[in-house]
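Contents: one structure, followed by commentary.
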Amino acid sequence: MKNFKILFLLSVWSFSLSSFSLDSKCENDVELSRFRESENNNDLHKYYISVSNVTYSESAKSLQMITRFFIDDLEDVLNSRIETPVVLGDDATIEDLYPLIKSYLNKKLEVKINDQVSSINFLGAEYEGDQIALYIEIPAIQAPIEVSMKFNAFLELFEEQKNLVHLKINGERRTLLMDKNKGSDTVKF
């Protein structure tokens, strides 16, 4: 299952990168995080990468963000924070877990639009195979000129975690990259 995850992430990551141009400062960081075989054996070196997509909606006056995580990884992170373990993956009980997911996102995601801290509105989630898609809305009266983000999801469990956030605003694409060494990132449009 872990090798499948790594190969799946590689294909999603490659597809995502092909549809978004990277800023030059991100290219080196992304290049360093490519999947490769270990020199000591044939096992793939483990990397943990989340990919989020953000678009600006003029009609909703907001940034709309979709973040996908593997269900078992989110379950591990959530269970590390609470006494009574939860089990993700059941459509019938997903809404019962919204307060826990919302609390986690509020601690791990911070967004500034044009140098002003914005609220994070967790709208919901749905399961997509072995992943969970989280839907987030960030109010923005007008299309942002600058977006700064701190997104340190999963860093408490996975030291190698990297969080890529692709933004598309007014037809322009930018990518943010955050990890343990770079807690936040900023792009301008």
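Quick one: would you say residue 62 is surrounded by 16 or more Cβ atoms within 10 Å (Cβ to Cβ), over 16 Å from the mean Cα position of the chain (by Cα) and modelled with pLDDT of 95 or more? Let's see the steps before the verdict.
Details: surrounded by 16 or more Cβ atoms within 10 Å (Cβ to Cβ): yes; over 16 Å from the mean Cα position of the chain (by Cα): yes; modelled with pLDDT of 95 or more: yes.
For residue 62, the condition - surrounded by 16 or more Cβ atoms within 10 Å (Cβ to Cβ), over 16 Å from the mean Cα position of the chain (by Cα) and modelled with pLDDT of 95 or more - is met.
This table checks each residue for (1) closer than 28 Å to residue 186 by Cβ; (2) open to solvent by less than 70 Å² (accessible area, probe 1.4 Å); (3) modelled with pLDDT of 95 or more.
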| position | (1), (2), (3) |
| --- | --- |
| 44 | no, yes, no |
| 52 | yes, yes, yes |
| 57 | yes, yes, yes |
| 85 | no, no, no |
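I need a count of the residues in the stretch 115-150 that are on the phi > 0 side of the Ramachandran plot and open to solvent by less than 60 Å² (accessible area, probe 1.4 Å). Give the steps one after another, and end with the answer.
Keep residues of the stretch 115-150 that are on the phi > 0 side of the Ramachandran plot, which gives 115, 124, 129.
When the remaining residues are screened for being open to solvent by less than 60 Å² (accessible area, probe 1.4 Å), the result is 124.
Residues in the stretch 115-150 being on the phi > 0 side of the Ramachandran plot and open to solvent by less than 60 Å² (accessible area, probe 1.4 Å): 1 in total.
Tally up the residues in the stretch 96-132 that are in a helix (DSSP H, G or I) and touching a Gly at 6+ places or on another chain (Cβ under 8 Å), please. I'd like the intermediate steps shown before the answer.
Of the stretch 96-132, the ones in a helix (DSSP H, G or I) are 96-108.
Next, only the ones that are touching a Gly at 6+ places or on another chain (Cβ under 8 Å) stay: 98.
Adding up the residues that qualify gives 1.
Do the conditions hold for residue 134, that is, is it within 14 Å of the chain's Cα centre (by Cα) and within 24 Å of residue 150 (Cα to Cα)?
Numbers: within 14 Å of the chain's Cα centre (by Cα): yes; within 24 Å of residue 150 (Cα to Cα): yes.
Criteria met by residue 134.
Scan (1) open to solvent by less than 50 Å² (accessible area, probe 1.4 Å); (2) in contact (Cβ under 8 Å) with a residue 40 or more places away in the chain for the single condition residue 168 breaks and write down its number.
Residue 168 satisfies all of (1) open to solvent by less than 50 Å² (accessible area, probe 1.4 Å); (2) in contact (Cβ under 8 Å) with a residue 40 or more places away in the chain except (1).
The values are calculated or read from the model by the stated rules, or taken from the named source; none is laboratory data. Only a predicted model underlies this, so the values are computations on that prediction, with no experimental measurement involved. Heads up, the Cβs are rebuilt from the backbone with ideal geometry, glycines too, and the neighbour counts pull from every protein chain shown. In case anyone asks, the SASA skips ligands and DNA or RNA and just uses the protein heavy atoms, side chains included. Shrake-Rupley method; radii C 1.70, N 1.55, O 1.52, S 1.80 Å.
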